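Below is one structure; the comments refer to it alone.
The values are calculated or read from the model by the stated rules, or taken from the named source; none is laboratory data. These figures come from a predicted structure and were not determined experimentally. Every residue, glycine among them, receives a Cβ derived from its backbone with ideal geometry; neighbour counts consider all protein chains shown.
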Amino acid sequence: MKRIMKTKISAFIVLFFIAIGVNAQIDRSQQPKPGPAPKITLQKPGEFKLDNGIEVLVVENHKLPRVSYSLRIDNPPIAEGNKAGVSSILAAMLGNGTTNIPKDEFNDEIDFLGANLSFGSSSAFASGLAKYGDRILELMADAAINPLLTEEEFQKEKEKAIEGIKADEKSVDAAAGRVGSALSYGSKHPYGEFVTEETLKNIEFADVLAFYDKYFNPNNAYLVVVGDVDIADIERKIKTYFSPWKKAAGTTMTLPKVNPNVQYTQINFVDMPNAVQSNISLTNNVDLKMKDEDYHAVLITNKILGGGFNSYLNMNLREEHGYTYGARSNVGTSRYGASRFTAGAAVRNMVTDSAVVETLKEINRIKTEPVAADALANAKAKYVGDFVLALERPQTIASYALNIKLNDLPDDFYSKYLEKINAVSADDVNRVANKYFKTENARIVVVGKGSEVLENLEKTGIPIMYYDKYANKTEKPNYDVDVPEGVDVSTVINKYFEAVGGKSKIDATKSILVSYEASAMGATIVSEEKRIDGKASQSISMNGNVMMAVVMTKDKVTMNKNPLPENMANDMQTLSGLFPELNILNSEKAKFTGVEAVDGKDAYKIEVPGEVITLTYFYDVESGLKVKEIQTTNMQGQTQSQETFLKDYQEFGGLKFPGVRSGTQMGQVIEFKLKEVKIDEGVSDADFD
């Protein structure tokens, strides 16, 4: 009996302490104290150095039969001046054969080995199965030391680069990045200069060869090997393949000083009339290095401000106000004293001014208010988790070892990394926010549609400076255009009808079939339109396979035979019938919105706003012909815009049609050329079923 009682008492005591433990776990009145940081023990890579200066780091990992080789030439930032783009052309040419192996044979062998091989203007990477590692290393070395650089490849890559610049001509994001860097660092600084069509045209084949000779050499090279290798064996092979690489004459470069931060907060505005969203970026220069005492505190502070989904900026601009799909901030580091703090988002035109105000509000908040304990703990936990997870990858070990060398870090930098992350306090957050987030000396670079956003931006009271999309200072845009008296939607559309053949000819037309053809991404793309009164269809095919088919009637609109939402279908009704202009002429929504330049010539602008889709058409003032179309789609808070330019009109059966329709798709300019026109034939009611 006593034994039973003793057992019950013991069980009661155990349950009592369990209950205390449970209560302690769910008591949220006290912030849990962080446990000690995990103890980090890093594998030390094997190291050796070649006589020509290449330093090699080897991380042996035998879990998988794979190996990778990463070559990095540690050049300081290089200014390319009036030949900006020469390094990118060189990068595109490297790795396509050697003076010993023709291009096709070289690429075929890489494919046969199942290997990856890529080059930059000061780097290279190769990877594959360990059993082919010897040959992969040999091919990589041959491509680095004996590249096949030919005039023919140069011309091809130069033309591709120029086409890429043209494709970005209307890109708001490209302009924002270009202007932000140029204003912050200065257009003469390597971090501030940018590539243009003019600088690309200045580059000759000899410039690429000279750049390779001067900068692609082993003087400051590091080769990192990771994978299923033996260090003694790999050392012999690397010496065999890379020792022939000769040192070049040393070069000394003096970097220009970066532009100082501005004396007061200001908006630097770039007007882009095609913008359907504004790109906002608050920025100021910082001098932050990885070895600085503030480094870990800045990481945590930026994480809280704009480094994740739950950050101050994102919760305000996205979650609370719905201005954007995502708001972010970033703080760069640089051994050369040239880096930036940036914060911003892409937002709808109508809320551009509000987004600027709220961005400033959140940055000032982290500078003045103590950060909440849970926000600080969550930011630290994120870094701890990511850091520990990254250590599972052998490449991380090599990357950390190289970072220590390149950034002059103490040997225990990464073993103490989490300890320093967890040591960041709320006071540290306020301190470094005030030191590096200089709202009082910040540029707020805004790239957007001035006619829609400037009036409200001026109401913020923040001084506005004006720049073009190449960072040249300019005057405030003038939107008060003198429009000839009597010009309205009706006069513009009727002039267009006369320009394409006359209203009587259009009224007498029963059907139209028009097809265009383009070549892009290795495929032949055909766009075909069929039109009759009140109905239209369009199909897009690639290499003969129909990818998309849209049918519009008065009752419904389908895409690939699936009905579209009613609000979208209603907006698309404008596009149905023989000519959309017939619908515009009778539309109560259509409005004449002024004159804008299209390819240097004035054009009348007519807008047909819709709930989901807004159509904007431009008609040449002189000829009356339609020269540009913009279709803007707003769905679920996201805005997309597609521009099409129309030119080289040709006459068929008394009516004129654009001989060329060109636009940008996936960063590439695609030019559709008129293939066929049929009037009053080739179209039947069955085409719209």
Practice prompt. Of the numbered conditions (1) modelled with pLDDT of 95 or more; (2) buried (at least 19 other Cβ atoms within 10 Å of the Cβ), ASP230 fails exactly one; give the number of that condition.
Written response: (2)
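Can you find even one residue in segment 130-147 that is in a loop (DSSP other than H, G, I, E, B) and over 25 Å from LEU406 (Cα atoms)?
yes
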Worksheet item: Can you pull out the helices (runs of 4 or more DSSP H) entirely within segment 349-411 that have at least 3 residues that are closer than 19 Å to ALA327 by Cβ?
Response: 352-368, 373-390
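Which helices (runs of 4 or more DSSP H) sit wholly inside segment 184-287 and have at least 1 residues that are in contact with a Ser or Thr (Cβ under 7 Å, 6 or more places away or on another chain)?
Numbers: elements: 197-202, 205-215, 231-242.
Output list reads 205-215.
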Item to complete: Go through segment 588-624 and give me each residue that's over 15 Å from VAL487 (Cα atoms), crowded, with 18+ Cβ neighbours inside 10 Å and in contact with a helix residue (DSSP H, G or I) (Cβ under 7 Å, 6 or more places away or on another chain).
Response: VAL608, GLY610, ILE613, LEU615
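Regarding ALA597, is this residue within 30 Å of PRO477 (Cα to Cα) and of a type outside the set (Phe, Trp, Tyr)? Before the answer, list the steps.
Numbers: within 30 Å of PRO477 (Cα to Cα): yes; of a type outside the set (Phe, Trp, Tyr): yes.
Answer is yes for this residue.
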Worksheet item: Going through segment 413-428 one residue at a time, which ones are under 33 Å from the mean Cα position of the chain (by Cα) and within 13 Å of GLU293 (Cα to Cα)?
Response: PHE413, TYR417, LYS420, ILE421, VAL424, ASP428
Practice prompt. Spot the failing condition for LEU137; the list is (1) among the hydrophobic types (A, V, I, L, M, F, W, C); (2) under 33 Å from the mean Cα position of the chain (by Cα); (3) surrounded by fewer than 19 Cβ atoms within 10 Å (Cβ to Cβ), and only one is missed.
Written response: (3)
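Take THR474 and tell me if it is among the hydroxyl-bearing types (Ser, Thr, Tyr), under 27 Å from the mean Cα position of the chain (by Cα) and surrounded by fewer than 17 Cβ atoms within 10 Å (Cβ to Cβ).
On the way: among the hydroxyl-bearing types (Ser, Thr, Tyr): yes; under 27 Å from the mean Cα position of the chain (by Cα): yes; surrounded by fewer than 17 Cβ atoms within 10 Å (Cβ to Cβ): yes.
Considered against the rule, which asks whether it is among the hydroxyl-bearing types (Ser, Thr, Tyr), under 27 Å from the mean Cα position of the chain (by Cα) and surrounded by fewer than 17 Cβ atoms within 10 Å (Cβ to Cβ), THR474 comes out as yes.
Of the residues that sit in segment 117-131 and are of a type outside the set (Phe, Trp, Tyr) and under 24 Å from the mean Cα position of the chain (by Cα), which one is farthest from PRO77 (Cα to Cα)? So that I can check it myself, show each step before the final result.
Here is the first cut: in segment 117-131, the ones of a type outside the set (Phe, Trp, Tyr) are 117-118, 120-124, 126-131.
Next cut, under 24 Å from the mean Cα position of the chain (by Cα) only: 117-118, 120-124.
Details: LEU117: 24, SER118: 21, GLY120: 14, SER121: 12, SER122: 11, SER123: 14, ALA124: 17 Å.
Ranking the candidates gives LEU117 first.
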Response to the item:
GLY577 passes all but one of the listed conditions (1) in a loop (DSSP other than H, G, I, E, B); (2) without any contact (Cβ under 8 Å) to a residue 40 or more places away in the chain; (3) within 22 Å of ARG661 (Cβ to Cβ); the exception is number (2)
Response to the item:
Given the conditions (1) aliphatic (A, V, I, L, M); (2) farther than 20 Å from LEU575 by Cα; (3) touching a Lys or Arg at 6+ places or on another chain (Cβ under 9 Å), every one holds for ALA499 apart from (2)
Worksheet, complete the sentence: Scanning segment 521-548 for residues that are within 21 Å of ILE670 (Cα to Cα) and assigned to a loop (DSSP other than H, G, I, E, B), the one modelled with the lowest pLDDT turns out to be MET521
Item to complete: Just name the residue that is modelled with the lowest pLDDT out of those in segment 549-582 that are under 20 Å from ILE630 (Cα atoms) and of a type in the set (Ser, Thr, Tyr).
Response: THR574
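Which residues, taken from segment 481-493, are surrounded by fewer than 18 Cβ atoms within 10 Å (Cβ to Cβ) and either part of a loop (DSSP other than H, G, I, E, B) or touching a residue at least 40 places away in the same chain (Cβ under 8 Å) (or both)? Please lay out each step first, then the result.
First, the residues of segment 481-493 that are surrounded by fewer than 18 Cβ atoms within 10 Å (Cβ to Cβ): 481-488, 490-491.
Result: VAL481, ASP482, VAL483, PRO484, GLU485, GLY486, VAL487, ASP488, SER490.
This table checks each residue for (1) modelled with pLDDT of 95 or more; (2) under 30 Å from LYS170 (Cβ atoms).
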residue: VAL258; (1), (2): no, yes
residue: VAL270; (1), (2): yes, yes
residue: ASN285; (1), (2): yes, yes
residue: GLU293; (1), (2): yes, no
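Run down GLU369, GLU358, GLU440, GLU392 and say which single residue is modelled with pLDDT under 95 and not polar (S, T, N, Q).
Details: GLU369 fails: modelled with pLDDT under 95; GLU358 fails: modelled with pLDDT under 95; GLU440 fails: modelled with pLDDT under 95.
After applying the criteria, what remains is GLU392.
Condition first: closer than 30 Å to ALA124 by Cβ, of a type outside the set (Lys, Arg) and outside the structural domain of ASN634 (by TED's automatic domain parsing). Can you find one or more residues in segment 271-294 that meet it?
To start, the set of residues in segment 271-294 that are closer than 30 Å to ALA124 by Cβ comprises 288-291.
Retained after the next criterion (residues that are of a type outside the set (Lys, Arg)): 288, 290.
From what's left, outside the structural domain of ASN634 (by TED's automatic domain parsing): 288, 290.
Looking for residues that are closer than 30 Å to ALA124 by Cβ, of a type outside the set (Lys, Arg) and outside the structural domain of ASN634 (by TED's automatic domain parsing), one finds at least one in segment 271-294, hence yes.
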Response to the item:
Within segment 165-176, residues surrounded by fewer than 17 Cβ atoms within 10 Å (Cβ to Cβ) and part of a helix (DSSP H, G or I) come out as LYS166, ASP173
Response to the item:
Across segment 81-112, the tally of residues that are surrounded by 18 or more Cβ atoms within 10 Å (Cβ to Cβ), out of contact with any Lys or Arg (no Cβ under 6 Å at 6 or more places or on another chain) and in a loop (DSSP other than H, G, I, E, B) stands at 4
Worksheet item: Of the numbered conditions (1) under 30 Å from SER684 (Cβ atoms); (2) among the aliphatic types (A, V, I, L, M); (3) out of contact with any Gly (no Cβ under 9 Å at 6 or more places or on another chain); (4) at pLDDT 95 or above, ALA518 satisfies every one except a single condition; which is it?
Response: (4)
